[in-house]
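**Student:** Take a look at this one; I'll ask things after.
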Amino acid sequence: MKQRRNRRRPPRAARALLDAVLPSAWRREVLEELDNVFRRRWREQGRGKARRWFWRQALAYVLRAPQAHWESRPAQAGLAAGQARSSRAGRGDFLKRFSQDLRYGLRMLVTQRGFTLVAVLTLALGVGATTAFFSAVNAVLLRPLPYHQPDRLMTIWEEFIYQDNAQNPVAPSNFIDWRENNTAFQDMVAYSTNPVSLTGGGEPEMVNAVYSTDRFFEIFGVDPVEGRTFAPDEIIQPGGMKVIVISYGLWKSRFGGDSSVIGTTVRIDGHPVEIIGVMPAAFRFPSNATDVWIATKMSEDVAGQRQAHYLRVVGRLAQDATRHQAQAQLEAVAERLRRLYPKTNTGVDVVVNPLHEQLVGDLRPSLLILLSATVLVLLIACLNVSNLLLARAAARRREIAVRLALGAGRARIVRQLFTESLLLAVVGGSAGLLLAFRGVPALVALTPDTLAAARTASVDSNVLIFALAASLATALLFGTVPALQASRPNPVEALKEVARGGTARNWTRRALVIGEIALALILLVGSGLLIKSFARLNSVDPGFKIDRLLTLEVFPPYSKYPDTVRRAAFYDQLLERVSSLPGVEGAGVVTAAPIKIQKGHMTFLAEQREGIETLAATPASISAGYFAVMGMPLVAGRPFGPQDDPQAPAVIIVNETMAREAWPGQDPIGKRMKMGTQRRPWLTVVGMIKDIRLQLGSSPRRQVYLPYSQSPAFGPRDLVVRTSGDAADLAAGVRRQVWAIDEDQPVANIQTMQRLLEESVGGPRFNTLLLAIFGLIALVLAAVGIYGVMAFQIASGRREFGIRMALGAKRLDVVGMVVRRCLSTTLAGVAIGVAGAALLTRLMESLLFQVAPTDPTTFAAVIALLAAVALLAALQPARRAASVDPAEALRSE
């Protein structure tokens, strides 16, 4: 048959004439159409009539060809001009054909409104969700930091080798050695954060201040929007204060954005200071909560400390230096310090990380996983639309077969169908972009404090480019398979396929639905794992009672309360006043309430029978009744009491983890510890408290507690109040008691412990909520896909069902057959999805809490859910198949 077809060639002379006459831009298409019609006429009319017809067509093309087409033939005298005219003619023809395809496709979409609406909504959902979430990823991961050459900014941390703790605050003396003994860094600054009281220009307010070494703003290369930054002679001496720079947010909220604020004098912790500058809104380092920057010099006593680790360090690489060179140089310095100061620096190394990586490091895994989830939703939407296009192509099989029989080439059909797909993708992408404009504010509103950078998300140029690329990609994804399937080159076979119901295309549609089910299962398993993880996280016992507990920050400034006696008197009076309020069961103070982020720690020396063991622990200064207020049970010994005053022997209480690691298998009561160095006094352990979790998702860490009257260095900052009713109702009364003692003392962050706990799990809640939404969308789309495939099979298999029922098949048999087909499709998708989920969910391990990535109960629940949804989706098509009238079905065929 193939040899016979090859002999059915048009007259060579006529074809050569066309080759010479026709412009190259559309020569191939014309010849392909003429060849197809010539072969058909040969079969129907014979060789002679077909050859005569071809000659007539060739002569007609010659006579119709305009003069420009004759001139387009290359000539020795005008080759360049001829090529230019040919190119213009080709472009014009292409645009003309594309315009025709576009108009025809638009008419088809308008005519088939139901199909168009479903396809556009499906695409809008996928493109909108992906674009909206990409805006958050763009704001956090892709948008460069608003500093000069941000890629050269590095954070430097201490690493405790023997404790597997890679990012620790830095000891002041170690920082000085790093700064003076390297050439890889152009400059290096250290800073610490501390709440301070701000008075002047309004009510007393507690603001977050950054105390930094000199050249802080110079290292970032950012200029203020008002005023200036610190001059070298304005760097304050220890204990003094002259000028400050404020944030853009504080300038707007407290001073109304008035430019005359420059030169204004306010008080920071009672010190009169002059405001000399306002930083831009984009400059929020080190966090969005920063309000004030203060430049300071280290005292000789502070500069000599190697046991207290509380500084954060940022450096700018020299122009010819790399991160690895900087790491190597500082490691050499750390090695020398380990030899010189074995008591404080043994096991202390250094880690250099890019600043941007440091700021987004904890956020990157969750953001990328959620972005991948939105991409899966987009893929499911594409598969669904591809199924819709296959269904529409099945309805247009007769039309396409006739066009093929009339001589249209396969490329022409593919181009027409793909133009319709492109038009559909543009409309769906535009609708998705509108959804993204609406969705980004909602996404920002859901964003927790841990993803504060995502609150700057917006639909900028990067997001618009992404939306355009996503729309074009969807056109390729969902338009290619239907176009290729529908453009079969042999019209006879295409017409036969019309007669037999499109079996091959049914298999293609089933394959697409199997892909939908597999992707939906992956998303549902991921959301199920996060839901179970979040439930486990919420069920964790923090080690104290969170109900009816109010927390607030009160930090009396050292300028007004410089010694231990005065500070202790302030806290004693505050606790007495607050405890006497109606509805208050008890009150206590602590350095930092549980659940708040606590990264600082101190080195403690535990006395052993033979020698001393060095351990790092988180210290807390507390009042005598703090444990009772928090509901923290004492395991052994006694709590602090009035007898533990500054003149009494120094005492300490340790938690179970500290006692177990410092004195394994021994009773810690009566043991002794030192804080810092050998010069410090011994602290006698008088009690052991039950472990608590400073963060719900973390394991208990080593903690020690000291009475605030004996530990001025760790003065309390948080007041905790146990109430008999709703804790929030007492906030105003507690604030009045603070101002009754000191009218200039600010009160900040008043909130219940329950609210504080909810904020601490904001990140996991955000991840769980979004992935659950994506999983639900995927489930709905998969159900629509299953319903579409089953409905199409019922519609195209009416003859089969009619024959079966005519031969005696019962309605229940037909329903069972349809359900089995549905289950076979579902089980195939489930098998592929389970394999994919088993591999991909391992990437989520860092987001899970006490849940394995391959948790069998989650997989089983998702499989059961998908099977139930598939059965529900197939129920209506199965009932329709069972209601087929055999006589009517056979008569229609």
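**Student:** Which value, in Å², gives the accessible area per residue of segment 255-368 when a 1.4 Å probe is used on the protein heavy atoms?
**Tutor:** Details: 5060 Å² over 114 residues.
Each residue of segment 255-368 exposes 44 Å² on average to a 1.4 Å probe.
**Student:** Show which aspartates and glutamates lie in cross-link reach of K671 when reach means a straight Cα distance below 15 angstrom and same-chain residues fewer than eight apart are skipped.
**Tutor:** Hits, sequence-local ones excluded: E607, E610, E613, E656, E661.
**Student:** Amide H neighbours of V243 under 5 Å, at least 5 residues apart or on other chains, H built in the peptide plane: list them.
**Tutor:** So V243 has HN proximity to E274.
**Student:** If I compute solvent accessible area with a 1.4 Å probe over the protein chains, what percent of it on segment 510-635 is carbon and sulfur?
**Tutor:** Roughly 55 percent, rounded to a whole number.
**Student:** Next up: Return the Cα extents of segment 612-734 along principal axes one, two and three, sorted largest first, each rounded to a whole Å.
**Tutor:** If we take the Cα atoms of segment 612-734, the spans are 49, 37, 22 Å.
**Student:** Using alpha carbon centroids, what distance separates segment 819-844 and segment 625-648, in Å?
**Tutor:** What the calculation gives is 57 Å, centre to centre.
**Student:** May I pose another question? Could you list log10 I(q)/I(0) for segment 549-646 at q = 0.16, 0.24, 0.25 Å⁻¹, which the Debye formula gives when each Cα is one point scatterer?
**Tutor:** -0.90, -1.46, -1.48
**Student:** Oh, and also: Pop out the carbon and sulfur fraction of the accessible area of segment 187-284 as a percent, whole number, probe 1.4 Å.
**Tutor:** 48
**Student:** OK, next. Give me the 1.4 Å probe accessible area per residue for segment 698-795, excluding ligands and nucleic acids, in Å².
**Tutor:** Values: 3570 Å² over 98 residues.
Per-residue value: 36 Å².
**Student:** Continuing with this model, one more query. With θ set to phi - 60° and the Karplus curve 6.51 cos²θ - 1.76 cosθ + 1.60, what are the ³J(HN,Hα) couplings of segment 249-256 in order, to the nearest whole Hz, using x for Gly and Pro?
**Tutor:** x, 5, 4, 6, 6, 9, 10, x
**Student:** Return the subset of K242/K560; K252/K560; K242/K674 for which the Cα-Cα distance in this structure is over 25 Å, preserving the input order.
**Tutor:** Violating the 25 Å Cα-Cα cut-off are K252/K560; K242/K674.
**Student:** Separate question: Carbon and sulfur together cover what percent of the accessible area of segment 657-707 at a 1.4 Å probe radius?
**Tutor:** Looking at segment 657-707 in its full context, I get 49 percent from C and S.
The values are calculated or read from the model by the stated rules, or taken from the named source; none is laboratory data. Just so it is clear, the model here is predicted, and its values are computed rather than measured. What goes into the accessible areas is simple: the full protein's heavy atoms, side chains included, and nothing from ligands, DNA or RNA. Shrake-Rupley method; radii C 1.70, N 1.55, O 1.52, S 1.80 Å.
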